[in-house]
Amino acid sequence: MPSRNGYFGEFGGRYVAEVLRRPLEELEEAFHRFYPDPAFQSELERLRVEYIGRPTPVLRAHRASEELGGANIYVKLEGLANTGAHKINNAMGQALLARMMGKTRIIAETGAGQHGVATAAACARLGLPCRVYMGEVDVRRQRPNVFLMELFGAEVVPVTSGTRTLKDAVNEALRDWAASWENTHYLLGSALGPAPFPDMVREFQSVIGREVREQLRDVKLDAILACVGGGSNAIGLFSAFVDEDVRLIGVEAGGRGPQLGENAVRMTQAGRVGIVQGYKSYFILDDDGQVERTHSVSAGLDYAGIGPELAFLGKSGRVEFQSVTDQETLDALKFFARTEGIVFALESAHAGAAAIRLAPHLPRKANILVNMSGRGDKDIFITAKALQPQQWRDFLLSEAASISEAEKHHG
Ligand SMILES: *Cc1c(COP(=O)(O)O)cnc(C)c1O
């Protein structure tokens, strides 16, 4: 599975400015040296058990399967990991690697804030100072995650250049790293970017797939589904099954519909091969080759690019790609909450929606597994607004009033 010199077929590579070659080479060497080291592995395993809460369970979704009337559905409850999603697996792996490399400072980029929260938490646990670059627009939109990052002791730096969103935060983090790499590790959040990040992030997320194999060793799986933003939860799960006889299905954000700018479907629709932010893959680009605007109800799936390994596995046909809309996603979230008492993150609910679509077409003896990459607590400001707008508005207004009231009393 590892890349050949950083390439997965034609995808991947390391298309970076000269100033970033040394830090990336150093990181690659360190990863190959420390990752196989039993001391590194045992420390990481201890953190997985004591801190992350691994292994995360696999739930046999009896009531959901019964109601849909087809295949048995299993759900990997990755959202029960500490901080609420799979992102902590990668954040902790890289933070530990950075500490072993003697780095004394961590920087990261974040869009919606989920990767920033995971990184800030891992750094708090390991006692490493952490700075997170975040577009000014996102800082305003994602206040709950900014609050959590700061609670974990991270410094959140609002980026005011360009569109003041994720793309600009990445550029700012890279600028910092080019000047600071001798003591600083850049902790990238998904299985993308220049080599060695795609290989490294897959390895840190591969614990998801290994656990599922072990947990379902007596079950013959017919299909495995995961949502795909950058691709880290999907590749981490799929990597254990690539050589097996099982359908692997990646689910992208169909957003509000098929028009350019209304979704984040790179593999079955608008995607074009390009080189953006250090790697070659499919991206949503306009006619001038510029990165196009995207949309998804889930902030973690609206990225314009996809990790190079999934691009390769998609092009070769090993991984199938589907997309589901914002509306199907919200319906899936409600369905699993009602039938199983679990609330999917909006990202993960895309995979849940694809499972709802697939299960009735399969025989009762078939088995499918869907990755709940995260839990939905973080999305309450979006889901409650969408599902109960009036009650939610009243609640927020009364909260705001109670803050004003308290300010009056305390000056
Ligand atoms: C960030 C995020 C994703 C998307 O990222 P991948 O790298 O594609 O896994 C999916 N699910 C959740 C819960 C996330 O926070």
Task: Length-normalised contact order of region 254-411 in % [C-alpha pairs under 8 Å, at least 6 apart] - done: 16 percent
TODO: Show the residues, 5+ positions off or on another chain, whose built amide H is closer than 5 Å to the amide H of residue 276.
DONE: 281
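Once you list every other residue whose beta carbon is under 15 Å from the beta carbon of residue 67, what net charge do they have if Lys and Arg are +1 and Asp and Glu are -1?
Numbers: positive: 60, 63, 334, 338, 357, 364; negative: 66, 331, 340.
Result for the local shell: +3.
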Open item on the list: For region 228-307, take every pair of Cα atoms, bin their distances at 10 Å starting from 0, and report each bin as a whole percent.
Closed with: 20, 47, 26, 6, 0
Task: All-pairs alpha carbon distance profile, region 9-86, 5 Å steps from 0, percent - done: 3, 12, 11, 11, 12, 13, 14, 10, 7, 5, 2, 0
TODO: Compute the projected area of the convex hull of the Cα atoms of the chain, averaged over all viewing directions, and report it in nm² to one decimal place.
DONE: 20.7 nm²
Task: Per-residue ³J(HN,Hα) for region 30-47, Karplus 6.51 cos²θ - 1.76 cosθ + 1.60, θ = phi - 60°, Hz, x for Gly and Pro - done: 5, 4, 5, 7, 7, 4, x, 5, x, 5, 5, 4, 6, 5, 5, 5, 4, 5
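Given axes a ≥ b ≥ c from the Cα gyration tensor, I'd like to know whether region 299-338 is rounded (a/c under 1.5), prolate (a/b larger than b/c) or oblate. Could the numbers behind the result be given before it?
On the way: a/c = 3.26, a/b = 2.02, b/c = 1.62.
Verdict is prolate for region 299-338.
Counting each DSSP H run of 4 or more residues in the chain as -39500 (n - 2.57), what helix-only mean residue ellipticity at 222 nm follows after dividing by all residues, to the nearest 500 deg cm²/dmol? If you can, show how the numbers build up before the last one.
Details: 16 runs with 179 residues, N = 411.
Rounded to the nearest 500, the figure is -13500 deg cm²/dmol.
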Task: Cα-based reach from residue 76 at 16 Å (exclusive), listing aspartates and glutamates while leaving out same-chain residues under 8 positions away - done: 211, 214, 218, 222, 340, 347
Task: Ranking of 32, 86, 350 by count of other Cβ atoms within 10 Å, fewest first - done: 32, 86, 350
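Only Cα pairs under 8 Å and at least 6 apart count here; give the relative contact order of the chain as a rounded whole percent.
20 percent
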Task: Area projected by the alpha carbon convex hull of region 138-232, averaged over all directions, nm² - done: 8.9 nm²
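Please report, largest first and rounded to whole Å, the three semi-axes of the ellipsoid equivalent to region 241-371, where each semi-axis is the square root of five times an eigenvalue of the C-alpha gyration tensor.
Details: eigenvalues 142, 71, 24 Å².
Taking √(5λ) for each Cα gyration eigenvalue gives 27, 19, 11 Å.
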- [ ] Have a look at the DSSP beta bridges in the chain and tell me what percent are antiparallel, nearest 5.
- [x] 35 percent
TODO: Jot down the per residue volume, in cubic angstrom and as a whole number, of the convex hull over the alpha-carbon atoms of region 356-411.
DONE: 116 Å³
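How would you rank 97, 188, going from fewest to most other Cβ atoms within 10 Å of each one's own Cβ? Mind dumping the intermediate values first?
Working: 97 22, 188 29.
Ranking 97, 188 by Cβ neighbours within 10 Å, fewest first, gives 97, 188.
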Open item on the list: Please list the three semi-axes, largest first and in whole Å, of the ellipsoid equivalent to region 73-180, using sqrt of 5 times the eigenvalues of its alpha carbon gyration tensor.
Closed with: 22, 19, 12
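Throughout, read-outs are computed from the coordinates displayed, never taken from laboratory work. Predicted model, so just to flag it, every value in this text is computed and none were measured. Note: ideal-geometry Cβ built from the backbone for every residue, glycine included; neighbour counts use all protein chains shown.
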